[in-house]
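Each remark here refers to the structure printed beneath this line.
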Amino acid sequence: MSNIRNAFSSGKAFIPFITCGDPDLETTYEVVLEAVRSGADLIELGIPFSDPTAEGPVIQGANLRALEGGVTTDKVFDLVRRIRETVTVPLVFMTYANVVFSYDAEKFIRTCKEIGIDGLIIPDIPFEEKEEFTPYCEKYDVDLISMIAPTSEDRIAMIAGEAKGFIYVVSSMGVTGTRSSFSGDLSKITSKIREVTDVPCAIGFGISDPEQAKKMASISDGAIVGSAIIKILAAHGKDSPRYVGEFVKSMKAAVREA
């Protein structure tokens, strides 16, 4: 069984997204540890990229700050090795195809396995092109996470039927960023997913407060939050860990009630 399933084994999961190296790698390390202590069930780690097409201005800014600070893929790998000395919850990378290709796809995914990364999210790779990565992910037992968007209605069964780890349900069209409203078809999407697979599904993109997290978790298996956390990091910098911890506690309590 995929280690990622453990994130959903005791109820609804809360999944924070953190851009590695914003404002620096030491702060990322402390934020991850504090998030786990505060109840995070799975951590999504972003590897910085210069052109993160799925991201809104908040996470784009985090990527640029990290890159300007000298963060590289190898430095992120070293960070994960350090995190894995104490953290046992599932970890997944979120990055872009060019990052993986430029590193060498097999080497990248083999290293993921070696350092304890359980899954990989590559938002700019369509389902139909995932075969460029699937053989390596299967060889090294790293789950390639599928994404399903509101426009995927005709393809939900196909995508969900081959899903590994968990399914990332995109709450609404466009890029990441906090939102006040979401697609009205999300419950229909999660129902269709459950008709074809028992792989857990979590909703992300735009969730920013406990009320939204509870609502999204009530129709899925968990909530993913990124931009709201990156805003805390942008506001508090190296003092962020305790503020992120407080936020994670409130969000975890909300999804637990769903």
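Mean shadow of the range 181-224, computed from the convex hull of its alpha carbons, in nm²?
Working: hull surface 11.4 nm².
For the range 181-224, averaging the hull's shadow over all directions gives 2.9 nm².
With a sphere of radius 11 Å drawn around the Cβ of residue 21, what net charge do the other residues whose Cβ falls strictly inside it have (Lys, Arg +1; Asp, Glu -1)?
Working: positive: 65, 75; negative: 22, 24, 26, 68.
Once positives and negatives cancel, what remains is -2.
Return the ratio Rg/(2.2 N^0.38 Å) for the range 184-258, where Rg is computed over Cα atoms only.
Numbers: Rg = 14.0 Å, N = 75, 2.2 N^0.38 = 11.3 Å.
Compactness ratio reported: 1.23.
Where is the GNM fluctuation largest for the chain (alpha-carbon springs, 10 angstrom cutoff): 195, 44, 211?
Between 195, 44, 211, it is 195 that shows the largest mean-square fluctuation.
Tell me, what is the percent relative contact order of the chain, built from C-alpha pairs under 8 Å that lie six or more residues apart? Don't skip to the answer; put the middle values down first.
Values: 519 pairs, mean separation 65.8, N = 258.
The value is 26 percent.
Along each of its three principal axes, how wide is the spread of alpha-carbon positions in the range 134-258, in whole angstrom units, largest first?
For the range 134-258, the Cα spread along each principal axis is 43, 36, 27 Å.
Could you work out Rg/(2.2 N^0.38 Å) for the chain, with Rg from alpha carbons only? Could the numbers behind the result be given before it?
Working: Rg = 16.5 Å, N = 258, 2.2 N^0.38 = 18.1 Å.
Against the empirical 2.2 N^0.38 Å value, I get 0.91 for the chain.
What translational diffusion coefficient, in µm²/s and rounded to a whole number, does the Stokes-Einstein relation yield for the range 1-127 at 25 °C and a viscosity of 0.890 mPa s, taking the hydrodynamic radius as the Kirkwood radius over Cα pairs?
Working: Rh = 14.8 Å.
Translational D for this selection: 166 µm²/s.
Charges only on Cβ, +1 for Lys and Arg, -1 for Asp and Glu: so what's the dipole of the chain about the Cα centre, in debye to the nearest 20? Kindly include the intermediate steps, with their values, before the conclusion.
Numbers: 27 positive and 37 negative charges, 158 e Å.
Using Cβ point charges on Lys, Arg, Asp and Glu, the chain gives about 760 debye.
Past 26 Å, Cα to Cα, is the threshold; run 12/164; 113/249; 188/214; 192/214 against it and keep the listed order. Numbers along the way, then the final one.
Details: 12/164 18 Å; 113/249 29 Å; 188/214 17 Å; 192/214 20 Å.
Over 26 Å Cα-Cα: 113/249.
Each reported figure results from applying straightforward, stated rules to the coordinates on display, with no laboratory input. Because the structure is a prediction, the values reported are computed rather than measured. Don't worry about glycine lacking a Cβ; one is built from the backbone with ideal geometry, like all the others, and counts go over all protein chains shown.
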